[in-house]
Every structure is written in C-alpha cells, then in structure tokens.
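No value in this document is a laboratory result; all are computed from the given coordinates. It should be emphasised that the depicted structure is a prediction, and the values quoted were computed from it without experimental measurement. Note that we place each Cβ from the backbone using ideal geometry, even for glycine, and neighbour counts take in every protein chain shown.
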Protein chains: 4
Amino acid sequence: MTLAVTAESRQSSLLADLQSAGTTIILEAHNGLSARIVEEAGFRAIWASGLTISSSLGVRDANEASWTQIAEVVSQMVDATNLPVLVDGDSGYGDFNTARRVSLKLSKIGAKGICLEDKQFPKMNSFIGSRQPLADVNVFSGILKAVKDVQFRGEFVMVARTEALVAERSLNEALDRAYAYEEAGADAILVHSKQKTADEVVAFAQAWQGTSPLVVVPTTYKVNPKMLQENGFSAVIWANHLLRASIAAMQQASAQIRYGGPDMLEDTIVPVSEIFRMLNYPELERAQQIYGGTKA
Amino acid sequence: MTLAVTAESRQSSLLADLQSAGTTIILEAHNGLSARIVEEAGFRAIWASGLTISSSLGVRDANEASWTQIAEVVSQMVDATNLPVLVDGDSGYGDFNTARRVSLKLSKIGAKGICLEDKQFPKMNSFIGSRQPLADVNVFSGILKAVKDVQFRGEFVMVARTEALVAERSLNEALDRAYAYEEAGADAILVHSKQKTADEVVAFAQAWQGTSPLVVVPTTYKVNPKMLQENGFSAVIWANHLLRASIAAMQQASAQIRYGGPDMLEDTIVPVSEIFRMLNYPELERAQQIYGGTKA
Amino acid sequence: MTLAVTAESRQSSLLADLQSAGTTIILEAHNGLSARIVEEAGFRAIWASGLTISSSLGVRDANEASWTQIAEVVSQMVDATNLPVLVDGDSGYGDFNTARRVSLKLSKIGAKGICLEDKQFPKMNSFIGSRQPLADVNVFSGILKAVKDVQFRGEFVMVARTEALVAERSLNEALDRAYAYEEAGADAILVHSKQKTADEVVAFAQAWQGTSPLVVVPTTYKVNPKMLQENGFSAVIWANHLLRASIAAMQQASAQIRYGGPDMLEDTIVPVSEIFRMLNYPELERAQQIYGGTKA
Amino acid sequence: MTLAVTAESRQSSLLADLQSAGTTIILEAHNGLSARIVEEAGFRAIWASGLTISSSLGVRDANEASWTQIAEVVSQMVDATNLPVLVDGDSGYGDFNTARRVSLKLSKIGAKGICLEDKQFPKMNSFIGSRQPLADVNVFSGILKAVKDVQFRGEFVMVARTEALVAERSLNEALDRAYAYEEAGADAILVHSKQKTADEVVAFAQAWQGTSPLVVVPTTYKVNPKMLQENGFSAVIWANHLLRASIAAMQQASAQIRYGGPDMLEDTIVPVSEIFRMLNYPELERAQQIYGGTKA
C-alpha cells in the first residue's frame, strides 16, 4: 500500500520483466487514482498513456498537452503507487535534445521507462487518418542514441515503437526500422498495428531476428495468451481500457442523475469510504495521533 | 461543443440560476474529461470538488494538493466546457489573503465561483472523524469579506458553507453562522450535514430567515425534487458521483483484464472513437486542411 | 501600483502603440519582479523574452522549457503589473495547432500579444551558429492564419518575425516573407538581424511597401531615436538587457561575498525594505487590519 | 559544470558541512540562473529563500506562492547545479502532514534539506511588524518529528529555525525551543534575529548546551569570520543578497534605457555570449553533431 511519506521502493524491475520468458501484462492509467487501481488489481507495471492522459486533461492526443503537463501527471502516478511506470513519450517532443531532457526529467521524478515512436512532432493519434508521415530513420535513431547516452540514476528503460505498419509501410521497412532502433540502443521494440486481426504483428514477430524483446498494444485487434507466448511477445500493453471504462460509467451515471437523481446509482458506484480506503486515510488519522501535537 | 480555439462564452449565469425559483442541479467533475461529460449530460453548472480532484490526483482530501494544483485542474475543466464551474475552495487555503488570492486566480482562469467553508486549514474531509474544529466566526467572516472586496472581472459567485451541523453544533449556531456569512457578503449559503436523513437540512431551511439562496450537498442522505422545492433549496450539488462511478468501473475492468483480457469488456466500455468525438478530433482534421500548409 | 487583489486593467493598448506615429520602446522582463521594474521605470509594454525567461529558469533558449512553463512565467508577469505583455512565442511550439492553443492560453492568462518567428521547432537562439533553417513560408503563413482566426476576448496582437536576414537570406526574400505574413494576418512585422550595424534593418524598412508597422530588436547593432523615427520603426524591443544587468550584478556580489562578506555590498544593493515597497507589503498590513478578524 | 543530461551527483554533503569544524557559507539563489552563479562563485551550498523566490515570482513573502510553485523553482535550481540546495520551508505550509509531504517532494526532486520555522501558516516575513505569533512548541515539535520520520532516499537535512528572538521572546524561551526542536530531531538549529548587532545571536550561542550545529542568517546585523568561528556557528546564510543586487542593477539599467538607450550599459552588463557560456550552449552544439541525424 502506498505510504504518502515514504520514498519510492519499486517492487519489480520493468526491464527484467521485459527480458523474462513470460508475457508481462501492462495496464494503462491516466492519473494517480487509476494508477492505484492498476496496482491493487495485481499488475506489474503501468502504462502512462499519451492518449488517456491527454483525454483526461480534456485535450487531444496531438501533443496538445505540453511535456511538463504530462510529466506532472506521471509524477502523481509514481507517487501514488509502487509499480514501475512506463511513459508514452510520443515522438520525443521535438528533437534529440527535448527527448533526452524529457527522459531525464521522467527518470528524476521516478518513472522507470519511456516509449518513443518514429513519428513527427506534433504527433497525431495513430488511429486518426492514414499514412501519417514517419520520422526519418536516421533522425529517429539519433533521438534514441541521445536518450541512451543520458546518465540515468538507476533503471530507465527505453522502448522504441515503430509506426511503420500503421503508416501502411511494408513489413520489411518495419523490420529494418526495428533493427536500426535496436542498434541505436532500444531496450525493447514496440510494433504497432491498426489491423483488425493480429496477423500483422504476428508476421513481424515471426520474421524478427533481433535480440530485443517485442511489445504489442492491441487496440483494434484481439490477442490471447497462447498466441502471445508462442510468438514470443514479451509484453502486452492494454493502453486505454480504464479510461474507456470510466467514460462509459460516467456517461451512464450522469444521465441517471440528470433524469432521476443518484439514488438508483448507489449500488453500482463505490461508497465514499472506498475512496478513503484506497488513499489510506487511516494512515493520516494515526499520524495525527502521533504528530498532531497538543498545545502546551 | 467545446472549440479548442475559442475564448470562453459561458451560456448560463451561475448566480442567476442560484437566485431563480427552481432547484439547480450541479454535478461534480474532477478533470477536463468528466467536465465534458457533465456538459453533454445537460447540466447547467459543474462542481469542481476538492475531494474528487484530490482523489484523482492520488492524494487525500486534506489539502494535500496545493491550491495551484487544484487551480490547474480547474483551468482544464474551464477550457474543456462552456458551463460555469463552481470551485470547492475548502477553507480558503490559509487566511483572508490566500482566500482572496485563490479566488482572484480562479476568476482569472475562468471559474465562475468559489465555495468556502468554516473550517481550519488544512481541512480534513467532512466525513472523517467527528466534531472537527470550526473556524472562528469572525475570522471566517473576515475571509468572506476579503473575497467579496476583490474586484473581479465579470461574475464570480461566493458560496459560504457552514460545517456547524457536521461538527455537531446546534441548529442555532448553524443559523447564526449563516447569518454572519450572509452579512459578510456570501451570495449563497451551503448547509452541510452528515446525517442519514435530510431532516437536519430541512430544519435549517425552515428556520432560515435570510435572503441568500440555500444549497445542499446530499452525500449521506437522500433528497427528492419535491422536498427540495418545498423547502426552497436553490441548488443541489451531487458532489462525488462521477468519480465514484468511474472507480467502480475501473476496478471491474482491471479485474477482468487481469483474469481474462479485455475482450469481454468491449461491450461495456466506450470505443476509442467515442473519445475522438467527445474531444472534437474532427475539428483538428478540418483545421489541418485549412492551416496545415503545403510546402512551397 | 499592482494590487494583488484586483483584476487586470491594462492602461495602454499595445496595438494602438504599435500603430501610432512614434516609436514605442519595449523592455524585456523575465519574471514578475523584473516586470514590476519595467513598469516602475515608465515603459509602456513588456517583452516576455524566450531567451531571458529560459535563462532565468536555468535552461537554454532552444525550447528546453515547455510552453506551459513559459506561460506560467508570463502569468506571473501579467499578475504583477498593469502593462501589456508581448510574449516571445518562438516558432509556435510545433505547428498551427500548438501555435493557436498557446496563443489562446496566453490571451486567457492576460497577455496582450504573441510574436511568432519563421523558424523550425525546436528553435535555436538566433545568435548561435549561422544559416539556421527557416520555416517554409506557406507552412508558417498557415500558423499565422490559425492564430489570427482564434476568437480572442479583447486585444491580442500577433507580431510576425522573420529570421530571413539572420539566416543570411536575401533582402528580397525577407521582404517577400514579410508581405506573406502581413497577408496571413500579422499585426506587425519584426525584422531581425545579427549584423553589427543597423544598415540591414534600415534597408528593409526603406524597401518596405506593406502597411504593417515594423519592429526591431537591436542586440548586436546600435540604434538611436532619430534613425528609428526616420525609418518608420514603430517599436524597438530591448530584448535581454535587464537579465544581462542582473547577471553582472549577481556575479560581482557573489564574488564579493565569497571573498569578504556582503558588508561592502550594502551601498550597492537595495535594502530589503525596497522589496517590501515594490511588492506592496503595506497593502497586506492594511488588509490584515480590515479582514484579519479578531476571534469572537 | 552542469550537464543538462546527467542525473545529479552532488559533490558535497550539506550535513557533513554543517557538522564540520568550520563555518560553511551558504548563499541565496532564487532561480536556476542565480543558482548557477552561486555555484560558479565557489560556494558549497545554496539557500532557496522563501523571500527571494516569492519576490522573483512577483508575490509577497506571506505564503502567497503555493508550495508546489516554490518546489518547481527548487527543481529548476537543483537541475541547474551540482550544489546541495537547502530549502526555506517557512512554517511547513499548514501542519505536520503538509510539512512531511513538502519535505518528501523536495527530497524527490533533489533538494538536500529543508528549514522549518516556528511560526503560523500563512507566515509573514520576519522583518514585517513585530511580535508575530509563534507556533506552539509542542505543535511545531510534532511537525519536526513527522518530517524526521519520513523515509527519505539519501541525505535530507532538517534545520529548525526559531523565531523566538524576532518575536521579542526571552533568550531562555529561544533556548528552550531550540532544545525541544533538537529533541524532535532537528539536524541543526537556526537562530534568527532582527537586531542591529549580533549580540543577541552571540548570547544564544554562548548559552547553547545542545549538540546540534548552529546557523545564523545575518540580514540586519553584521558578522565576521572570527566572531562566527569563536562562537561556534556552523553555517552562515546570506539569505537575500543576490536578489537585492539584481534589483539595484535592473533598476539602474531600466532607467538608463528609458532615458537614453542601452548603449552606455554595454560595459556594465554581461554580453549575450556570457549567458551562452553559463548555460553550456556548446554542449548542445556538440550534441547536435552527434545525435542530430542526417536524413536518410
């Protein structure tokens, strides 16, 4: 349980998990509270999603939020849990210099890794439009090298994400890009796809000759544990599901309150006491006894 | 619908709604996205709750978030909607000077009102413990006067909330405090209660001789439109229900993903396209056509 | 004098000053305090410089600070003075969408204008290296149009700055760019130069056939009032001088303290009471009498 | 020299310096740039002053800046230098819980210590008015204990500052408070005075029987190395001198520009190239060669 007054002591290594035999399941969170929910559900790592953090702030997934606004949310997530947080760093916020500075800042505030994708800045969400322009492979490799050369304190994982398949480039280009990114220092390769089936990412995995672990983010297609295991995917990121669940619930609740009041809701929403439990209010009451002081 | 590039043009006046004959229903939001949901559901005003904003940040409702962190969230809510936002200002963040500075800042970023309560700083959530110490009535009246004397640009409503009944003081003390706050300039009186029935707030309303409209926040007790109307309550604030709905949904979704994957979820959560609709991605695509430029 | 609790009431119109016959002198500030100094010295507008704000934050003028970090400083400057603040918006922080969003945010927090330059993002300070790549003229014009189409509340001036001469392009290209930017909606044209004399900007002014007022930023070259007037320059921005003065003073003071203690300094630095005067501490003492309350 | 892309590696231990035989000289800074100047001048530690940080933001030293705004400035200072930063934590921002949370956050962002004073929240600058109310000694001791019990990662020094003498209490009360604070866990005692001579703090030091090192902040009185050494003061903090030097310089420069232009200034202010040197622009140019990439 999170202790509001304890320096972080992450219990698991994101890098070790990525390099281990099994498939690590990583779940999205978009603020301190949803991060707590991911932790309480027993996951081993948190995905700080650009889409869902932006959405919760009320802005679009096109770098409308500044990188320091994203970092502030990441800081809240880190402070609220003991899980390693892997941050969606989009395309790096400009160039090699912004990318390395963002990475260093994320590391300083306690995040355990960044995922960078080979697109332009500002980016547009991968599921908008088609054939979005990719970053030049050399320029993007330079960004990766710059981040790799930062002298982090402790673990900081760099995941390189190729959008080649999303941009309707060939499988070969996707592979070539992934090899270049591995050479530039990536700790893992995330291969993204917007197909309706997993065939595309499976084909990638079967052709992959690199040594880096592979990561997938199934949003438009379905996967199952057997397929993930057989094709050697090291991690699967469920990238937006908590936010989508919360939107559905809030839309229903607001409609119900609007047309009847919240009374009927009480069975389907958590009581206020559950908030107090999740955020450890009893610790504060105990501390009040210890430190509150009685006036002399 | 929110336009990301239009200065605010609030459609309704929070003050006029409070002063009108009917009972205005105000729903809680805790970030830009939930504010959008409140707006789309047809409510006329948003309650920027200290409890739910703090909780979503992953901290406790004991002024663990700084006032500028709260203001940042309020700013996101204001920018994401056209509804007036009434901000839970807790006990004013220190003294008359912090209270007036917080109010002015909230006004500058587009909020339309603040609610201040007669407790100490840092406050503790009203539903924790019992007989929490109240602010001295003169000191708190000074805070209200200071806020009232700020030269705001445009409408800025000041709601005074008395916690006298929550602190188990007498009905007479609650009324006396409310009269003092009205005299200090409050535009409305919020009478809070943690009883299991509405009897306490009804008794208050029936004894109330002031001219200020009355506001209630039913969390532990139930209300119905007829009772609200008959007792002359000008507004009812559903203060934490969207967050509570979202927690339940996220807990269920995370458990389902942990023990099966999200496939079964797809029917109960919104699609990604719903996020794009809510945050008006088509506007960005149209703007890209107009402003994106083709290289010379 | 700034009143901490009064909504802004800018005393002069930046646009009117730019369009008037004389040459408006605008001085750089980089935080709330230096903005106060500019105001007390009698200037009519403040230049919120990217170079000096970045430098005071301890980072480089290469968009190392995020746009929200810059906006936060601008907000402090606006809140501390009654002068219009013209913000150095660099190249717009990405594309037309970031540029219009940054502009709208700056307007909402009370800034009165933005200056955008035809360079890439991230930018590099104009005095580093040579022949830095310029933005494509059509792409940059799209940015200007997007900002122009924002529905601001009240005055918001858009200055277009061409770096063509700094990039060692021809006078004709500089003029062509300026005409394009005027057509795209610029309220004024800033022509930048890094020559050791003013000849280049004078040549530009003499060839200029547009209707937009012209602005210069003499850093490497000298100007005098007669030359500015004769060549029709509407405004001159002294873009970094307060920061440079403060660095010299702080370097000297720190050396003196290191090797002798501050005693000798006392005659050359302001007393603490001057800080109290500048930031209007007496208002707080008076307000304490009025609002501070005496416990009942 | 600071490297923008290297995790912190503080070169000296603030605690060891406080506990060593000599008198450590600590100089004020109020942003990233002034912190660099302190470092370049050869000091061993930086005082992040509440007065000067507030002033540079344009607000008053009465907790008008929120604690997260102060922390943001501290973060910039830490990132810009390799010196340990001791943060002026005022009275702890509310109670034991805010104090320990602020301390933990400061530690996480790289600060190496906090100074807490026995006053109320919001505080008022010590040189305003007289006989300001002190915190109850038991309540303040509770705050100190709470901070002491935080599980920091690495060094984090807690200095307890008594304002008893400033509040015109007796020497005995000042000593009693200091003993209580030492027992509550303070690593050092700061004894503050607003007398015109050092007699008061010398009397305190001569009567002091505790084991904690003593710290002084001479603002109204003078000190010399011999006196400091003989009376066993472990550290002296020059708490506001760089800001005061910068104000004088900026006032003079702005007047000169207003009534003549900056030409005459050029000899007394640093050139722009000095800014580039201080903030290590050459590193960015070198990195551009290494990581900038040439398009494939």
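Quick notes on this one:
- Kirkwood Rh, angstrom, the stretch B:110-240 [1 / mean 1/r, Cα pairs]: 15.0 Å
- Distant-in-sequence amide H partners of A:A45 (H built 1.01 Å from N, under 5 Å): A:L27
- Residue of chain A with the smallest Cβ distance to the axis mapping A onto C, distance rounded to whole Å: A:S66, 2.
- Calculated label separations, B:Q289, copies of the chain, 7 Å along the beta-carbon direction, nm: 4.8, 6.6, 6.7
- Computed from the C-beta positions of B:R169 and B:D263 and an R0 of 41 Å, the FRET efficiency is 0.15 to the nearest 0.05.
- Most mobile of B:S54, B:S20, B:S75 in a GNM of chain B (Cα contacts under 10 Å): B:S20
- Directionally averaged shadow of the stretch A:248-291, computed from the convex hull of its alpha-carbon atoms, nm²: 4.0 nm²
- Karplus-derived 3J(HN,Hα), 6.51/-1.76/1.60, for each residue of the stretch A:25-42, Hz, glycine and proline x: 9, 10, 10, 5, 9, 9, 6, x, 5, 5, 4, 4, 5, 4, 5, 5, 7, x
- Total lysine pairs in chain B at Cα distances under 23 Å, for residues eight or more apart or on different chains: 21.
- Label-point gap, in nm, between D:S130 and A:Q195 - each point 7 angstrom along Cα→Cβ: 8.4 nm
- Note that the stretch C:77-92 has calculated 3J(HN,Hα) couplings of 5, 4, 5, 8, 9, 10, 7, x, 10, 9, 9, 6, x, 6, 8, x Hz, one per residue in order, obtained from phi through the Karplus relation 6.51 cos²θ - 1.76 cosθ + 1.60 (θ = phi - 60°); glycine and proline are x.
- A label point on A:Q209, set 7 Å along the Cα-to-Cβ line, lies at 6.3, 8.1, 9.3 nm from each of its counterparts in the other copies, closest listed first.
- The long axis of helix C:96-108 is offset from the longest Cα principal axis of chain C by roughly 30 degrees.
- Amide H to amide H distances under 5 Å link D:V157 with D:G113, D:I114, where only residues 5 or more positions off or on other chains count and H is placed in the peptide plane.
- Sites D:N138 and B:T211, calculated FRET efficiency, Cβ-Cβ separation with R0 45 Å, nearest 0.05: 0.50
- Rounded to two decimals, the Cα-based Rg/Rh of the protein assembly as shown, with Kirkwood Rh, is 0.95.
- In the assembly of identical copies, C:A16 has its label point, taken 7 Å from Cα in the direction of the beta carbon, separated from the corresponding points by 3.1, 6.4, 6.9 nm (ascending, one decimal).
- For the stretch B:177-291, the Kirkwood estimate of hydrodynamic radius, built from reciprocal distances between every pair of different alpha carbons, is 18.4 Å.
- For the stretch D:1-120, the equivalent ellipsoid derived from the Cα gyration tensor has semi-axes of 22, 16, 14 Å, listed largest first.
- Set the Cα radius of gyration of chain A against 2.2 N^0.38 Å, with N its number of residues, and you get 1.07.
- For the stretch B:113-129, 3J(HN,Hα) per residue [Karplus equation, 6.51 cos²θ - 1.76 cosθ + 1.60, θ = phi - 60°, Hz, x = Gly/Pro]: x, 9, 10, 10, 10, 8, 10, 7, 10, x, 7, 10, 3, 4, 9, 9, x
- Each Cα pair under 8 Å and six or more residues apart adds its sequence gap; the mean of these over the residue count of chain C is a relative contact order of 18 percent.
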